[in-house]
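Engineer: Quick one: structure below, then a few questions.
Every number here is computed from the coordinates shown, using simple stated rules; none is lab data. In this text, all values refer to a predicted model and were calculated from it rather than measured experimentally. Quick reminder, even Gly has a Cβ in these numbers, built from the backbone with ideal geometry, and neighbours come from all protein chains shown.
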Amino acid sequence: MKTIAGVDEVGRGSLIGPVYAAAVILKKTINKKLLKDSKSLKKNKREFLAKYIKKNSIWATGKASVSEIEKINILHASLLAMERAIKKLKKKPKLILVDGNKTPNLKNYKLQSVIKGDQKIPSISAASIIAKVTRDKMISKLGKKFKNYYWSKNYGYGTKQHLKAIKKFGITSHHRKTFSPISKLK
């Protein structure tokens, strides 16, 4: 059987922090029926599934920092995070299925983009879950130092509460300064 990896990223639309990606090769023992797009799952279910996936797959995560996002833009930073996750896999897949319409530019790898892949392909769903849980944990930890911004609730997305906090307390070093509305506040 051909070794297939699923790849997805998370955090593209957030106003703060790195963008994360995960690459996952599912083992035959995994129950694929449990795997769904991370956005369709409640937090507790996502965290439970992330542990289950990690036990039943070969997986890796990659990220691109705020400064990388600002330097090369969010699309290229997302692709860079994906590339890093793919290269960290302990086993080289024969085929890599990437959620969306773009793939990282990797030599010696066969990559294929799948629009809405996180809803159709179990290994991409698994990657979306691991990427989201990994990023959410990191943002929640960061949120403990920046309680005024409610990052443990909004994960840095532009909610009314977060935007109000930015107006009141200003922008932090974790904010993506090239993103609107932050770019307008400079």
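Engineer: Please work out how much length the chain gains when fully extended from T159 to K71, using 0.36 nm per residue of separation minus the C-alpha to C-alpha distance, in nm with one decimal.
Structural biologist: Working: separation 88, 0.36 × 88 = 31.68 nm, distance 2.48 nm.
Separation in residues times 0.36 nm, less the Cα-Cα distance, equals 29.2 nm.
Engineer: What nm distance separates the two modelled labels at S183 and R12, each placed 7 Å from Cα along Cα→Cβ?
Structural biologist: In this crude label model, S183 to R12 measures out at 1.6 nm.
Engineer: Can you give the three extents of the C-alpha atoms in the chain along their principal axes, from longest to shortest, in whole Å?
Structural biologist: Extents along the principal axes, in whole Å: 56, 35, 25.
Engineer: Now for a separate question. Would you kindly state how much longer the chain becomes between K137 and K51 on full extension, computed as 0.36 nm times their sequence separation minus their alpha carbon distance, in nm to one decimal? Could you put the intermediate results ahead of the total?
Structural biologist: Numbers: separation 86, 0.36 × 86 = 30.96 nm, distance 1.33 nm.
Fully extending the segment from K137 to K51 adds 29.6 nm.
Engineer: Shifting gears a bit: In the range 29-86, which chymotrypsin sites (Phe, Trp or Tyr not before Pro) fall in coil by DSSP and have 15 or fewer other Cβ atoms within 10 Å?
Structural biologist: Values: sites: F48, Y52, W59; in loops: none.
In loop regions of the range 29-86 (DSSP not H, G, I, E or B), there are no sparsely surrounded chymotrypsin sites (Phe, Trp or Tyr not before Pro).
Engineer: Identify the residues of the range 38-71 with backbone N under 13 Å of a label point that sits 7 angstrom from the Cα of T3 along the Cα-to-Cβ direction, or state none.
Structural biologist: Within reach of a label on T3: 58-60.
Engineer: What's the whole-number percent of alpha carbon pairs in the range 110-186 lying beyond 21 angstrom? Walk me through the numbers on the way to the answer.
Structural biologist: Details: 1259 of 2926 pairs.
In whole percent, the share of Cα-Cα pairs in the range 110-186 beyond 21 Å is 43.
Engineer: Moving to a separate point now. Rounding to the nearest 20 debye, state how big the charge dipole of the range 74-186 is about its Cα centre with +1 on each Lys and Arg Cβ and -1 on each Asp and Glu Cβ. Present the calculation step by step, with values, prior to reporting the outcome.
Structural biologist: Working: 28 positive and 4 negative charges, 75 e Å.
That gives the range 74-186 a dipole magnitude of about 360 debye.
Engineer: Please figure out what share of the DSSP beta bridges in the chain is antiparallel and state it in percent, rounded to the nearest 5. Don't jump to the answer; show the numbers that get you there.
Structural biologist: Details: 14 of 22 bridges.
Around 65 percent antiparallel, to the nearest 5.
Engineer: Would you calculate, for the chain, the mean residue ellipticity at 222 nm contributed by helices, counting each DSSP H stretch of 4 or more residues as -39,500 (n - 2.57) and dividing by all residues, to the nearest 500? It would help to have the intermediate numbers written out before the result.
Structural biologist: Values: 8 runs with 79 residues, N = 186.
Calculated at 222 nm, the ellipticity per residue is -12500 deg cm²/dmol.
Engineer: Just to be sure I understand the curve: with the Debye formula and one point per C-alpha of the range 50-112, what is log10 I(q)/I(0) at q = 0.29 Å⁻¹?
Structural biologist: Once normalised to I(0) and log-transformed, intensities are -1.26.
Engineer: Let me ask something else about it. With unit charges on the beta carbons (Lys and Arg positive, Asp and Glu negative) and the dipole taken about the Cα centre of the range 30-101, which residue among N44, A85, I96 sits farthest to the positive side?
Structural biologist: Of the candidates, N44 comes out farthest on the positive side.
Engineer: Here's another thing I want to ask about it. Using alpha-carbon pairs under 8 Å, 6+ residues apart, how would you state the relative contact order of the chain in percent? Please list the in-between numbers first.
Structural biologist: Details: 369 pairs, mean separation 57.7, N = 186.
Reported as a whole number, the value is 31 percent.
Engineer: Another question about this same structure. Quick one, can you get me the convex hull of the C-alpha atoms of the range 22-84 expressed as volume per residue in Å³?
Structural biologist: Details: hull volume 6.2 nm³, N = 63.
Taking only Cα atoms, the range 22-84 has a hull volume of 99 Å³ per residue.
Engineer: At 30 angstrom or more along the helix axis (alpha-carbon based) and mean Kyte-Doolittle of -0.5 or higher, what helices does the chain contain? Whole DSSP H runs only.
Structural biologist: On the way: long enough: 122-143 (31 Å, 0.35).
Those that clear 30 Å and a mean of -0.5 are 122-143.
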